[in-house]
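Here's the structure, in structure tokens; my notes come after.
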Amino acid sequence: MKHSPAILVEEIPGDRYPDLETAQRVALPTIAANFQTVIQDLVARGVLVQVDGKLIPNPSMEKV
């Protein structure tokens, strides 16, 4: 079974960015790219399906 790549969470010292807003803005592209990879993997494995233009849990998947 194919697995999603691991998400690396890196603690950044408080002196690297002047404030929380800046740190969040800088982190956003990386977080978005990782989220995109996870969603694409879930669609490829059939865990999520597209219905009426929305991604939803696949109703035919076995409940775990």
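Worth a mention:
- Only residues that are in a helix (DSSP H, G or I) and either free of Cβ contacts under 8 Å to residues at least 40 places away in the same chain or not small (Gly, Ala, Ser) (or both) were counted across the stretch 41-53, and they come to 3.
- Lone unmet requirement of (1) surrounded by 11 or more Cβ atoms within 10 Å (Cβ to Cβ); (2) over 13 Å from the mean Cα position of the chain (by Cα) for Gly46: (1)
- Which listed residue, of Val38, Val9, is without any contact (Cβ under 8 Å) to a residue 60 or more places away in the chain, among the β-branched types (Val, Ile, Thr) and exposed (fewer than 10 other Cβ atoms within 10 Å of the Cβ): Val9
- Output for the stretch 12-27, where each listed residue is surrounded by 10 or more Cβ atoms within 10 Å (Cβ to Cβ), part of a helix (DSSP H, G or I) and not polar (S, T, N, Q): Ala23, Arg25, Val26, Ala27
- Within the stretch 1-35, if we keep just the residues that are modelled with pLDDT of 85 or more and of a type in the set (Asp, Glu), the residue that is farthest from Gly46 (Cα to Cα) turns out to be Asp19.
- Applying the condition of being surrounded by 13 or more Cβ atoms within 10 Å (Cβ to Cβ) and among the aliphatic types (A, V, I, L, M) to the stretch 49-64 and asking which residue is nearest to the chain's Cα centre (by Cα) yields Leu55.
The values are calculated or read from the model by the stated rules, or taken from the named source; none is laboratory data. The structure presented is a predicted model; accordingly, all values stated were derived computationally and were not measured. Note: ideal-geometry Cβ built from the backbone for every residue, glycine included; neighbour counts use all protein chains shown.
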